[in-house]
Amino acid sequence: MNTLPLVSSLLSIVGRPAGFRLMMAAAAFGLLSAPAVQAQAGAANLVPNGNLETPNAAGDWAANWGKAKIGQTSWEAEGGDHFIRMKATEPGKMMMIYNQVGLNGAKAVEVTVKGRVSELKKGAQSWFDARVMLGFRDAGSQEIKGASKPVVFGKDTAGWEERKVSFAVPEGTVFLAIMPTLLNVETGTFDFTEISVKAIDPATLSAPAAK
């Protein structure tokens, strides 16, 4: 290893304040590089077209998003922003849109959904409502068991509302399944306009409560 450039760099900071000298010395030895890279990685939304603004090739639907097999789905615009609308038309049936995104090795994630719910009448169970279900998938898109949390909209909202959940990602996970759903409701309309999945530091997750 040629140490001359390193020595020259360290000599160049002699005479600077002590705090500056310590920071620069740490940078020279590579001690500051890892946290900076981690912070940058955590800022990106992992969901392609998560804001629903990019159209598909035909120009009639949001790129990278599917449609539900039952009920009514539409891609609409309001105030210059696009959103997907899901409207239940068959009481007691599950209406779902499926999407799957790569997690790029994230060990924990924060999921944010901006949604709006109207005319919701729950189904036979208290959790039969409007929600975005989430699930872990391996490289072959097979389910991995784990404690993911749904993003729940359990009743009508007063306009657009933002909800967040965060959780650890189990070993072997490659993809996160994202499933906006009207879960066996009697009636209801569920609009969503933004969905983001961002990598976070697992150390920021709340510790489970002691039993």
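Taking 0.36 nm per residue of separation and subtracting the Cα-Cα distance, full extension of the segment from ASN45 to SER206 would add 55.8 nm. The accessible surface of the stretch 74-146, taken with every protein chain in place and a 1.4 Å probe, is 46 percent carbon and sulfur.
Reducing the stretch 53-69 and the stretch 150-211 to their Cα centroids gives an inter-centroid distance of 22 Å.
Report the percentage of all Cα-Cα pairs in the stretch 45-191 whose separation exceeds 28 Å, rounded to a whole percent. Counting every Cα pair in the stretch 45-191, those more than 28 Å apart make up 18 percent. Values of log10 I(q)/I(0) for the stretch 55-96 across q = 0.16, 0.28, 0.35 Å⁻¹ run -0.46, -1.00, -1.22, by the Debye formula with one identical scatterer at each alpha carbon and no solvent.
Around the amide H of LYS121, modelled in the peptide plane, lie the amide H atoms of GLU186, THR187, GLY188, all under 5 Å away and 5 or more residues distant in sequence or on another chain.
The values are calculated or read from the model by the stated rules, or taken from the named source; none is laboratory data. Not measured: the values here are computed from a predicted model. Ligands, DNA and RNA are excluded from the accessible area calculation, which covers all protein heavy atoms including side chains. Shrake-Rupley method; radii C 1.70, N 1.55, O 1.52, S 1.80 Å.
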